[in-house]
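Down below is the structure, laid out as structure tokens.
The values are calculated or read from the model by the stated rules, or taken from the named source; none is laboratory data. This one's a predicted model, so the numbers in the text were calculated from it and none came from an experiment. Every residue, glycine among them, receives a Cβ derived from its backbone with ideal geometry; neighbour counts consider all protein chains shown. SASA here: full protein model, heavy atoms, side chains in, ligands and nucleic acids out. Shrake-Rupley method; radii C 1.70, N 1.55, O 1.52, S 1.80 Å.
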Amino acid sequence: MIVPTKESSSVSKSPAVRRLPVLAAALSMAAAGLVAAQPAQAHPHPARCPQLTVSDGWFGDNQDRIQDLIDTYGTCGAGAGHGKKPVAVFDWDNTVVKNDVGDATMYWLLRNSKIQRPARGDWHTTSRYLTDAAATSLAAACPAGRSTTLPTATDTACADEILAVYGEGATGKGAAAFAGFDRRTMEPSYAWLAQLLHGWTPAQVEAFASAARTQNLTAPADAVQTLGSNTKATAWVRYYDQQRDLIRTLQRAGFDVWITSASPEPVVDVWARGAGVAPDHAIGIRSTTQHGRITSHLKGCGSARDGDDSVITYIDGKRCWINQEVFGVRGAAAEKVQPVRNRQVFAAGDSDTDVSFLRDATGLRLVLNRNKNELMCRAYDDSDGRWIVNPMFIEPKGRKAAPYPCATTGYTEHDGTPAPVRRADGSVVPDQWDSVYGG
């Protein structure tokens with residue numbers, strides 16, 4: 001069951017007080033010229049306002065607060081008639097769906113021997129961050145052969161090594177698999193999945209993702225699959241009914257709804273359609289192409305050029321890609337926090353990978369609690385009253401026994417060094433106790 005406590009900001013304030021940050025943000029946007037300069041009201045035109053219809057699973061008054069935001073910024077509220085749609089951005093994996101569609105695709109590729117051999121047999125060509133130890137281990141486990149694809153369905157040693165590098169960021173013997181990357185813009189194991197799709201066309205990858213989607217949606221909840229010699233991997237995915245309802249309601253209310261994910265974009269495109277989001281509104285890891293086929297290099301964002309392979313949809317990289325693709329900000333400016341008029345009103349995420357674009361949201365920031373340190377530190381600190389926390393809608397995590405280490409190691413620096421989590425004014429966020437959880 002869901003266990004509310006007095007520590008939760010979701011249940012500690014009156015409805016009027018809870019509504020103030022949303023209304024204040026609306027007034028701020030009005031001053032900036034984004035909306036008509038008039039006081040925002042909750043439910044100003046109830047008969048015209050699209051309503052959320054799935055109530056199960058929402059914690060405390062979270063559903064009411066989201067509905068207030070819809071009424072305030074949507075076509076039925078203070079935002080009506082300003083000529084520019086309010087933007088909502090959702091992370092995908094474990095935010096709109098339970099489990100990870102990138103993982104689901106990787107497991108399908110391995111079970112169906114669909115990973116092509118690296119160019120010239122050199123595993124370094126699959127990632128500029130791959131260590132010599134990893135390249136050597138992969139070459140030994142996946143020896144040269146005549147086929148263009150690796151026989152991972154039957155060659156368990158090869159599958160085991162790829163799984164270790166992808167899932168653990170280490171070789172089968174425990175050596176680091178990746179090095180030399182910025183921890184705030186790149187997660188090389190995530191990027192590696194997109195890079196291992198080299199040689200296929202985007203349409204072929206969509207077909208692979210579609211097959212994996214069908215398999216994972218039809219498998220029983222809690223299904224597992226055996227990969228390699230003995231790896232037990234998750235074999236199911238489910239859409240959250242609550243999030244599909246929220247996306248649909250936001251769209252009906254006039255919001256411009258986007259998906260951002262650290263899974264490969266052709267994969268995200270396939271899954272996003274099931275939540276009513278078109279591919280042109282899905283931002284995943286984008287690969288460069290050559291002669292219509294995917295390469296092992298990635299498209300750039302901000303000051304990073306195509307082929308630099310340095311910025312994916314990950315922490316600060318998600319901010320960059322949203323600013324660039326949603327708001328049209330180009331060059332190094334896309335890496336920075338934008339003025340209020342060029343920021344999303346609503347954002348939803350579940351992990352530290354989402355923290356930057358969530359912080360940029362001007363109205364509400366929905367966090368699904370997966371016990372991720374930096375994200376939960378910021379959400380529970382709730383320094384501006386715009387964070388709301390909800391247990392995962394399927395298999396919510398229980399309460400974290402120890403406080404989140406916000407004041408010491410909750411933040412990860414660009415070089416990987418742990419550091420305190422700090423507010424925008426530089427002050428340190430104190431350790432936070434878990435208070436919105438399942439059980």
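Name the single residue that is farthest from residue 296 (Cα to Cα) among those in the stretch 313-328 being hydrophobic (A, V, I, L, M, F, W, C) and open to solvent by 20 Å² or more (accessible area, probe 1.4 Å).
327
Restricting to the stretch 232-246, and then to whatever is part of a strand (DSSP E or B) and not aliphatic (A, V, I, L, M), can you tell me which residue is farthest from residue 271 (Cα to Cα)?
232
What do you reckon, is residue 304 touching a strand residue (DSSP E or B) at 6+ places or on another chain (Cβ under 6 Å) and small (Gly, Ala, Ser)?
no
Could you list, in sequence order, all residues of the stretch 233-267 that are closer than 22 Å to residue 220 by Cα and not basic (Lys, Arg)?
233, 234, 235, 236, 237, 239, 240, 241, 242, 243, 267
Only one of 68, 103, 64 is acidic (Asp, Glu), assigned to a helix (DSSP H, G or I), closer than 18 Å to residue 212 by Cα and modelled with pLDDT of 95 or more. Can you tell me which?
That would be 103, the only listed residue that is acidic (Asp, Glu), assigned to a helix (DSSP H, G or I), closer than 18 Å to residue 212 by Cα and modelled with pLDDT of 95 or more.
Answer with yes or no whether residue 142 is over 28 Å from residue 181 (Cα atoms) and either open to solvent by less than 10 Å² (accessible area, probe 1.4 Å) or touching a helix residue (DSSP H, G or I) at 6+ places or on another chain (Cβ under 9 Å) (or both).
no
If residue 333 meets every condition in (1) farther than 20 Å from residue 191 by Cβ; (2) buried (at least 24 other Cβ atoms within 10 Å of the Cβ) apart from one, which number is that one?
The number of the failed condition is (2).
Tell me, yes or no, whether the stretch 345-354 has at least one residue that is of a type in the set (Ser, Thr, Tyr) and over 17 Å from residue 96 (Cβ atoms).
No - not one qualifying residue is present in the stretch 345-354.
Can residue 262 be described as of a type outside the set (S, T, N, Q), part of a strand (DSSP E or B) and touching a Gly at 6+ places or on another chain (Cβ under 8 Å)?
yes
So, in the stretch 288-312, of the ones that are outside any loop (DSSP other than H, G, I, E, B) and out of contact with any Leu (no Cβ under 6 Å at 6 or more places or on another chain), which residue ends up least open to solvent (accessible area, probe 1.4 Å)?
Per the stated criteria, the residue is 298.
Name every residue in the stretch 421-435 that is open to solvent by less than 60 Å² (accessible area, probe 1.4 Å) and either among the aliphatic types (A, V, I, L, M) or closer than 21 Å to residue 314 by Cβ (or both), in order of residue number.
421, 428, 429
For the stretch 346-365, which residues satisfy the criterion of being surrounded by 24 or more Cβ atoms within 10 Å (Cβ to Cβ) and among the aliphatic types (A, V, I, L, M)?
Selection gives 347, 348, 355, 358, 364.
Mind listing just one residue for me: the one in the stretch 399-420 that is assigned to a strand (DSSP E or B) and in contact with a Phe, Trp or Tyr (Cβ under 8 Å, 6 or more places away or on another chain) and, of those, most open to solvent (accessible area, probe 1.4 Å)?
Filtering the stretch 399-420 for residues that are assigned to a strand (DSSP E or B) and in contact with a Phe, Trp or Tyr (Cβ under 8 Å, 6 or more places away or on another chain), the one most open to solvent (accessible area, probe 1.4 Å) comes out as 418.
How many residues does the stretch 377-398 hold that are part of a loop (DSSP other than H, G, I, E, B) and under 27 Å from residue 428 (Cβ atoms)?
Looking only at that region, the number is 6.
All but one of (1) part of a loop (DSSP other than H, G, I, E, B); (2) under 25 Å from the mean Cα position of the chain (by Cα); (3) modelled with pLDDT of 95 or more hold for residue 85; state the number of the condition that does not hold.
(3)
Can you tell me which residue within the stretch 373-392, out of those that are open to solvent by 30 Å² or more (accessible area, probe 1.4 Å) and in contact with a helix residue (DSSP H, G or I) (Cβ under 8 Å, 6 or more places away or on another chain), is nearest to residue 351 (Cα to Cα)?
373
Just give me the residues in the stretch 209-231 being assigned to a helix (DSSP H, G or I), touching a residue at least 60 places away in the same chain (Cβ under 8 Å) and open to solvent by 20 Å² or more (accessible area, probe 1.4 Å), in sequence order.
Passing the criteria: 210, 211, 213, 215.
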